[in-house]
Amino acid sequence: MIVDLPRTFPIRVAPLPGEALDSWLEALAHRMDTRYGDVLGDLGLTATRTGGRNLDLPTDWTIALLDQEAARVTHATGVDRDVLQSMTLMHFHGRALLIDPDTRQVNRKRLWGRGNGSRYCPDCLADSRGRWQLVWRLGWTFACLQHCRLLADLCPNCQRTPRQRLFSLEGQPTPGRCGTRPSRRVEPTPGSGCGHDLSTTHTLRLSRDHPVLAAQHHLLRTIETDSADFGLYAQLPQPASVALSEIRAVAGRVLTSVAASEMSAWVPEDILSAGGASQHPDGATQHKTLIRPGFMAPPTAIRTATAVTAALRILGQPSPPPAIFAMRQLIDSCRDSAEKTTATTITTWGRGTGPILRSVQLAALGPSMRPSDQLRKRTASFPARSRIDEQQLNHRARTLPSIFWHQHWPRRLCWSAADST
Ligand SMILES: [Zn+2]
Ligand SMILES: [Zn+2]
């Protein structure tokens with residue numbers, strides 16, 4: 001029950017398709033010509049209204065809205081509750097990231113979850129007059145399919161990741177301008193942010209048929225439909241979370257094991273040279289991601305593009321043979337590094353993976369296995385059927401007619417033995 005309903009806002013601003021909740025609220029404050037803190041305060045979206053002095057305000061409501069919060073925003077703005085919920089990261093829960101509903105925190109150790117910060121397409125910002133897409137916040141988004149360019153990671157002026165923190169409660173947002181507040185040590189009274197026009201940021205342009213755009217297309221479609229059916233997945237479509245876990249697993253191995261001198265076999269040269277030139281100043285984040293590359297979301301769009309495009313060189317193949325060939329190359333690279341890949345260690349590549357990755361791994365390992373192991377692991381079938389557990393095995397044995405075992409099967413075995421002698 002809502003005890004304290006907010007006032008109804010005098011000006012209505014409709015959210016754009018795919019817009020992020022914080023982008024829309026900033027546009028609302030801009031149109032109402034009021035401080036951001038006043039809008040959030042009226043909507044009950046922050047516990048404090050201390051004028052932006054608390055620079056570590058939680059932004060949980062950009063991840064998931066509580067029912068009571070959504071009801072207040074609906075009452076004040078007229079925007080439907082379901083639309084509001086679809087403007088938070090919860091919209092992608094279970095498909096592109098995992099969120100703990102109790103703490104409203106994104107699990108950063110699974111599915112390349114990112115809790116805060118957003119990449120952006122400068123051209124999209126120019127077209128939409130500064131409105132931000134929710135999908136730019138995903139660790140899986142690195143390129144704009146419409147404008148054929150990589151997304152930007154930083155504001156080129158202040159060198160910070162946009163939207164890591166709330167816009168200043170004291171300031172009035174200007175859509176499309178960088179809202180990152182100066183450090184308190186530099187400026188004691190937080191204003192309206194750095195203010196740089198982000199539609200002018202430079203990023204790498206890509207040809208319309210570039211493999212990076214194809215990879216981004218497959219990922220976004222998989223996330224949208226919650227089903228991967230491209231490349232090897234056409235044979236056995238998988239839920240988005242499984243396919244993305246497999247891409248993450250392969251991408252992690254590529255980043256860890258393939259030598260820089262061999263990367264040109266995995267991704268186009270323009271991406272490699274742009275990647276070498278890119279620097280990310282968020283040192284702490286980058287340090288963590290470099291300890292185990294691919295374990296958490298890569299820190300930059302270019303590095304994500306590199307990792308995903310390389311992974312799809314295996315998983316995105318239209319048929320098994322070239323995928324198995326590429327997987328063998330990757331496993332050989334792993335053999336040169338500290339962590340070796342065998343039939344028993346393939347499960348260590350990543351959590352949440354499924355039958356497609358397992359099948360390519362086993363098929364690639366096949367020639368190095370004993371014939372009995374090849375049969376047991378079914379390396380020749382693709383996708384390899386999943387192993388049955390003991391209970392299922394006993395059930396099958398019980399339901400087989402005993403006459404089958406006593407007469408027909410031993411005789412066939414004898415024939416086979418006789419034939420082979
Ligand atoms: Zn764009
Ligand atoms: Zn800036």
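The values are calculated or read from the model by the stated rules, or taken from the named source; none is laboratory data. What you are looking at is a predicted structure, and each value in this text was computed from that prediction instead of being measured. All Cβ positions, glycine included, derive from the backbone under ideal geometry; neighbour counts span all protein chains shown. Accessible surface is based on the protein model in full, side chains and every heavy atom, while ligands, DNA and RNA are left aside. Shrake-Rupley method; radii C 1.70, N 1.55, O 1.52, S 1.80 Å.
A few remarks follow.
- Search result, residues across the range 170-187 that are at pLDDT below 80 and within 22 Å of Ile63 (Cα to Cα): Arg181
- Every pair of residues 6+ apart whose Cβ atoms lie under 7 Å, when the first sits in the range 5-16 and is outside the structural domain of Ala70 (by TED's automatic domain parsing) while the second is surrounded by fewer than 16 Cβ atoms within 10 Å (Cβ to Cβ) and among the small types (Gly, Ala, Ser): Arg12/Gly78
- Any hit, the range 123-140, residues being in a strand (DSSP E or B) and polar (S, T, N, Q): yes
- Residue in the range 230-253 that is touching a Phe, Trp or Tyr at 6+ places or on another chain (Cβ under 6 Å) and within 12 Å of ligand 2 (Cβ to nearest atom) present: no
- Check on Leu150, within 15 Å of ligand 1 (Cβ to nearest atom) and either open to solvent by less than 40 Å² (accessible area, probe 1.4 Å) or in contact with a helix residue (DSSP H, G or I) (Cβ under 8 Å, 6 or more places away or on another chain) (or both): yes
- Residue-level check: of (1) in contact (Cβ under 8 Å) with a residue 60 or more places away in the chain; (2) more than 16 Å from ligand 2 (Cβ to nearest atom); (3) under 27 Å from Gly179 (Cα atoms), Arg205 misses just (1).
- Of the listed requirements (1) under 30 Å from Asp4 (Cα atoms); (2) touching a strand residue (DSSP E or B) at 6+ places or on another chain (Cβ under 9 Å); (3) open to solvent by less than 60 Å² (accessible area, probe 1.4 Å), Leu111 misses just one: (1).
- Enumeration of residues in the range 122-165 that are over 30 Å from Ala243 (Cβ atoms) and within 11 Å of ligand 2 (Cβ to nearest atom): Cys155, Pro156, Asn157, Cys158, Gln159, Arg160
- Any chance Pro190 is away from ligand 2 (no atom under 12 Å from the Cβ), at pLDDT 90 or above and in the same structural domain as Trp136 (by TED's automatic domain parsing): no
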